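The structure appears right after this line, and notes come after that.
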Amino acid sequence: MVRALSYRFPTAIVSGRARATAQGLMQLDGLYYAGSHGFDILGPDGSNYKMAESFRPSLEEAKVKLEEQLAHIAGALVEDNNFSVSAHYRMVAAEERAGGATADGASSHLGCEQVAEEEREAVNEAVERIVAEMPMLRRTYGKMVYELRPSAEWDKGKAVEWLIENWIKRSCELPVFPIYIGDDVTDEDAFRVMGGLGGFGIIVSDFPRLITDTAASYALRSPLEALHLLDHCAFSRNRLGTVSEPFFRCCTSSTTSPSRRRARRRASGSARWWRAGLRPRARARRRRL
């Protein structure tokens, strides 16, 4: 489905993981990849932009220190994302907490539960100590994870802006209408820049109507709904201008006059958004498209 989407529209994967890891998970050429929260960007033609390569020695040192300080906490995991270091504290083997052990050790992602509150605080304190020792790094937060990143003013939002302005717009003859879909706290940086780029953000959340502190304009209730929306964008025909404006899309030409397109969107656009599972956030009180 993502391959089909990329054939129709410029498509990007923006991840907190290392760019090579994101590529390995997708196993697709022809995409834009922005790894490590946008510090490492790769284009379909092999062009590479690295925002803070000089920080690598400091990040490697921070990773070693974190591993040493968190070695005694079962379920805590330190991950090297090339341009960030993550300290995950969400997982601990259920059997270990009951006095047993898992088949494949603390790295198992099956049958796990949250670490105890005191262990979570220990992870927090370890990260704080390293930030105090290494001012060239800063701490950020994600879903059950603390991250150490270069102190440079850069995040997913700035990476998306750079990617669109410097690569995508230059490769497109028509105007760019970007849509960003995400479910993590760090995706808020990208949601905040969507309006200035002429697009909007879509947050994926189990309880979209309870969200009051997101910069996203719309919400989907699950990854499955996001899959349905992207599938619609990739394979629909003659529906451009409704939900078929996918992630980082270049607008396609239409033989329909602008006035008729507007009338058609007013008549049926709302129903199409809702059929795709996409709904405006209640707090925003925006009219349906």
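The values are calculated or read from the model by the stated rules, or taken from the named source; none is laboratory data. Computed from a predicted model, the values in this text were never measured in an experiment. All Cβ positions, glycine included, derive from the backbone under ideal geometry; neighbour counts span all protein chains shown.
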Handout entry: Tally, over region 22-39, of residues that are surrounded by 14 or more Cβ atoms within 10 Å (Cβ to Cβ) and under 24 Å from A52 (Cα atoms)
Key = 11
Problem - Hits in region 130-160 - residues which are loosely packed, with under 14 Cβ neighbours inside 10 Å and not aliphatic (A, V, I, L, M) - result: E133, P135, Y141, K143, E153
Practice task
Could you tell me whether any residue of region 225-239 is over 30 Å from W154 (Cα atoms) and modelled with pLDDT under 50?
Solution key: yes
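Going by the structure shown, is L110 at pLDDT below 80 and either within 19 Å of E60 (Cα to Cα) or exposed (fewer than 11 other Cβ atoms within 10 Å of the Cβ) (or both)?
Numbers: at pLDDT below 80: yes; either within 19 Å of E60 (Cα to Cα) or exposed (fewer than 11 other Cβ atoms within 10 Å of the Cβ) (or both): yes.
It is true that L110 is at pLDDT below 80 and either within 19 Å of E60 (Cα to Cα) or exposed (fewer than 11 other Cβ atoms within 10 Å of the Cβ) (or both).
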Completion exercise
In region 161-170, anything under 17 Å from S6 (Cα atoms), in contact (Cβ under 8 Å) with a residue 40 or more places away in the chain and out of contact with any Ser or Thr (no Cβ under 8 Å at 6 or more places or on another chain) is listed as L163, I164, I168
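Considering only residues that are part of a strand (DSSP E or B) and aromatic (F, W, Y), look in region 163-182 and name the one that is surrounded by the fewest Cβ atoms within 10 Å (Cβ to Cβ).
Step by step, filter region 163-182, then rank; the result is F177.
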Handout entry: Close pairs (8 angstrom Cβ cut-off, 6 or more residues apart or separate chains): more than 14 Å from S217 (Cα to Cα) in region 171-196, surrounded by fewer than 21 Cβ atoms within 10 Å (Cβ to Cβ) and among the polar types (S, T, N, Q) anywhere
Key = L174/T252; L174/S253; T186/T140
Handout entry: Residues of region 170-210 that turn out to be closer than 18 Å to V145 by Cβ, out of contact with any Phe, Trp or Tyr (no Cβ under 8 Å at 6 or more places or on another chain) and of a type in the set (A, V, I, L, M, F, W, C), as a count
Key = 1
Practice task
Name the one entry in V145, V131, V123 that is touching a Ser or Thr at 6+ places or on another chain (Cβ under 7 Å) and farther than 19 Å from D40 by Cα.
Solution key: V145
